[in-house]
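The structure appears below as structure tokens.
The values are calculated or read from the model by the stated rules, or taken from the named source; none is laboratory data. Because the structure is predicted, anything quoted here is derived from the model rather than measured. In this analysis, Cβ positions are derived from the backbone assuming ideal geometry, glycine residues included, and neighbour counts consider all displayed protein chains. Heads up: the accessible areas ignore ligands, DNA and RNA and are worked out on the full protein's heavy atoms, side chains in. Shrake-Rupley method; radii C 1.70, N 1.55, O 1.52, S 1.80 Å.
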Amino acid sequence: MTRDSLLAIVVVVIPAFNEQKTIGGVVNEVSQYCAQVVVVDDGSQDQTASIAENAGAVVLKQSINKGYDQALSIGFEYAYESTGADITVSFDADGQHSGVDIEKLVSPILKGEADLVLAQRKHLTHWSEKVFSLFSSQFGVKDPLCGLKAYDRSVYSRFGVFDTVGSIGTELSLKAIKCGFRPAFVGIDTMPRQDQSRFYRESLRANIKIIKALLRVRSLLKSL
């Protein structure tokens with residue numbers, strides 16, 4: 001695997017909401033490991049969009065905040081339809097992920113060993129994440145909610161959509177695994193956020209949202 005091959009095929013999708021403090025650095029770092037960075041500005045009220053554009057990203061702007069799942073769906077559709085990406089990677093805007101991990105995720109796909117690769121954090125801090133993990137472990141996924149994932153084009157092509165039920169970024173991966181696509185898993189370290197996550201700003205509400213997402217994706221998978 002060479003850097004040239006990575007640049008030729010990989011597109012990184014970053015959903016972002018009011019991340020002006022980190023988005024420029026994230027785009028600059030990630031750009032070293034992909035052909036194109038796509039930032040989906042999810043109705044930000046700060047300078048997220050302009051900073052991302054100045055850093056070299058394609059920015060898809062939503063006038064109102066539609067949520068993490070919709071932002072990823074829009075980004076993946078653009079990557080699939082407009083860039084011809086062979087591998088699409090989801091990546092968080094808050095600076096917790098390291099760009100170098102992109103190489104680790106796309107490597108098994110490039111080698112033909114996997115169809116999708118999921119990053120796995122070492123520790124799950126919220127009880128709802130641990131409950132979700134108990135469910136997803138039946139598919140071999142111990143950390144379904146990590147925002148760093150890589151998908152071969154064939155996975156998105158099969159389903160034609162990233163998320164339909166509000167699964168907090170878990171639907172495509174779990175559905176693909178259940179339908180026979182080959183997963184691989186890569187352990188990663190995460191870096192502290194500069195600010196508190198918007199998702200966990202209200203802990204109880206966030207935990208409830210995760211449990212609701214779990215119930216929805218569980219029902220969806222049972223119907224397959």
Of the residues in the stretch 183-217, those that are modelled with pLDDT of 95 or more and open to solvent by 100 Å² or more (accessible area, probe 1.4 Å) come to LYS212, LEU215
Would a scan of the stretch 56-65 turn up a residue that is closer than 22 Å to SER173 by Cβ, out of contact with any Lys or Arg (no Cβ under 7 Å at 6 or more places or on another chain) and among the basic types (Lys, Arg)? no
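This table checks each residue for (1) small (Gly, Ala, Ser); (2) at pLDDT 95 or above; (3) in contact with a strand residue (DSSP E or B) (Cβ under 7 Å, 6 or more places away or on another chain); (4) surrounded by fewer than 23 Cβ atoms within 10 Å (Cβ to Cβ).
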site: GLY25; (1), (2), (3), (4): yes, yes, no, yes
site: SER31; (1), (2), (3), (4): yes, yes, yes, yes
site: VAL37; (1), (2), (3), (4): no, yes, yes, no
site: GLY43; (1), (2), (3), (4): yes, yes, yes, yes
site: LYS66; (1), (2), (3), (4): no, no, yes, yes
site: SER73; (1), (2), (3), (4): yes, yes, no, yes
site: GLY84; (1), (2), (3), (4): yes, no, no, yes
site: ILE87; (1), (2), (3), (4): no, yes, yes, no
site: SER90; (1), (2), (3), (4): yes, yes, yes, no
Going through SER137, SER203, SER167, SER128 one at a time, which residue ends up being of a type in the set (Ser, Thr, Tyr) and closer than 22 Å to SER73 by Cα? SER167
Would you mention how many residues in the stretch 95-109 are surrounded by fewer than 24 Cβ atoms within 10 Å (Cβ to Cβ) and of a type outside the set (S, T, N, Q)? 7
Out of (1) assigned to a helix (DSSP H, G or I); (2) exposed (fewer than 15 other Cβ atoms within 10 Å of the Cβ), what's the single condition that is false for GLY112? (1)
